[in-house]
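Okay, structure first, notes after.
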There are 2 protein chains.
Amino acid sequence: MNVEFINPFLSSLLNVLSTMAQTELKPSKPSVKKDEVARGDVSGLIGMVGPQTKGSLSITFDTTLALTIMERMLGERPDGINEEVTDMVGEITNMVAGGAKNLLGEKGYDFDMATPIVVSGKGHTITHKCEGTKILIPFTSPDGNANIEVSFDKL
Amino acid sequence: MNVEFINPFLSSLLNVLSTMAQTELKPSKPSVKKDEVARGDVSGLIGMVGPQTKGSLSITFDTTLALTIMERMLGERPDGINEEVTDMVGEITNMVAGGAKNLLGEKGYDFDMATPIVVSGKGHTITHKCEGTKILIPFTSPDGNANIEVSFDKL
């Protein structure tokens, strides 16, 4: 998978969080994921299906970061991961995939998105089962960390 | 979502585990998922996209059941959830979705599948973010429990 497929997801997450929650994340260098495992507390996942390829996207947040985003969006900080937080994580995942879909569509790569799924549980890990390369993009912030993982078959 | 959409997933899981791992699960009554939360230790998730609808499927296993399935398939019981186990859970998820896809295709409902994602982490929970009804199907066995959750938009 080349950088052409990574940047749309990276820039889309930065854009969504900056616009919706005045939250600036700092992206670190994307890496090809092998044994490296990203752990987080709440994750949004979405499947993507297109004529040229299929794949999956996950965005994993530390609890502290998820709660801070909620606080900035709604003015109130929840006590922990509740249904409002998982709704927000699902919505962010949908928006990031949608933003990347638009950017990739301009380059001639089309896909449709499934509905998002949100996983919560302290320190869970996510593995994309895909024949293609899996890319991990770590993000840091003073409020906690996030990770994007994206993989496509045949790219 | 009517029973026509539930049974293909239910029968497909029973069939896959019976054929591949000589494991018989006992399905309980499917329910419309509201506040009820299914917890498990390792889950396979897959997105589905079709011209009429889109949705998502998850299959969540207790660790003991996942390890027993591995033991019956490979003759050796892993010490815990490792990459071989998550590979197997991803493969089972793919096969269950594929089996349901065939059965639903015969009824005129077509969808394509994204690539599976596997989540591991003790007692994690899964929420399908979908406008349509979410159906939870619990399965029990002497080796541990499993849960299917499936949801489609607009059905």
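The values are calculated or read from the model by the stated rules, or taken from the named source; none is laboratory data. None of these values were measured; they are calculated from a predicted model. FYI the Cβ positions are ideal-geometry reconstructions off the backbone, even for glycines, and counts take in every protein chain you see.
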Quiz item: Quick one: is residue A:51 in contact with a helix residue (DSSP H, G or I) (Cβ under 6 Å, 6 or more places away or on another chain), within 25 Å of residue A:129 (Cβ to Cβ) and at pLDDT below 95?
Solution: no
Quiz item: For residue A:29, which of the numbered conditions (1) among the basic types (Lys, Arg); (2) farther than 24 Å from residue A:113 by Cα; (3) at the interface with chain B (Cβ under 10 Å from one of its Cβ atoms) fails to hold?
Solution: (3)
Exercise. Keeping to the range B:75-106, report how many residues are touching a Lys or Arg at 6+ places or on another chain (Cβ under 8 Å) and either farther than 17 Å from residue A:131 by Cα or not in a helix (DSSP H, G or I) (or both).
Key: 0
Self-check item: Conditions (1) charged (D, E, K, R); (2) more than 7 Å from chain B (Cβ to nearest Cβ); (3) closer than 16 Å to residue A:54 by Cα: number failed by residue A:84
Solution: (3)
Quiz item: Would you call residue B:18 surrounded by fewer than 13 Cβ atoms within 10 Å (Cβ to Cβ), modelled with pLDDT of 95 or more and either more than 18 Å from residue B:3 (Cα to Cα) or not small (Gly, Ala, Ser) (or both)?
Solution: yes
Practice problem: Sort out which residues of the range A:15-26 are under 25 Å from residue A:54 (Cβ atoms) and either outside any helix (DSSP H, G or I) or within 11 Å of the chain's Cα centre (by Cα) (or both), and write them in order of number. | Solution: A:16
Quiz item: Among (1) assigned to a helix (DSSP H, G or I); (2) of a type outside the set (Lys, Arg); (3) more than 10 Å from chain B (Cβ to nearest Cβ); (4) within 20 Å of residue B:49 (Cβ to Cβ), where does residue A:110 come up short?
Solution: (1)
Quiz item: Can you tell me how many residues in the range B:29-73 are hydroxyl-bearing (Ser, Thr, Tyr) and either assigned to a helix (DSSP H, G or I) or more than 20 Å from residue A:83 (Cα to Cα) (or both)?
Solution: 4
Quiz item: Which of the residues belonging to the range A:35-50 are among the charged types (D, E, K, R) and touching a residue at least 60 places away in the same chain (Cβ under 8 Å)?
Solution: A:36, A:39, A:41
Exercise. Can you run down the residue pairs with Cβ atoms below 6 Å, 6 or more apart or on separate chains, where the first is in the range B:56-74 and under 27 Å from residue A:115 (Cβ atoms) and away from chain A (no Cβ under 13 Å) and the partner is in a helix (DSSP H, G or I) and modelled with pLDDT of 95 or more?
Key: B:66/B:85
Quiz item: What number goes with the only condition from (1) touching a residue at least 12 places away in the same chain (Cβ under 8 Å); (2) of a type in the set (D, E, K, R); (3) touching an Asp or Glu at 6+ places or on another chain (Cβ under 8 Å) that residue B:84 does not pass?
Solution: (3)
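Let's see how each residue does on (1) in a loop (DSSP other than H, G, I, E, B); (2) buried (at least 18 other Cβ atoms within 10 Å of the Cβ):
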position	(1), (2)
B:115	yes, yes
B:118	no, yes
B:123	no, no
B:127	no, yes
B:139	no, yes
B:142	yes, no
B:147	no, yes
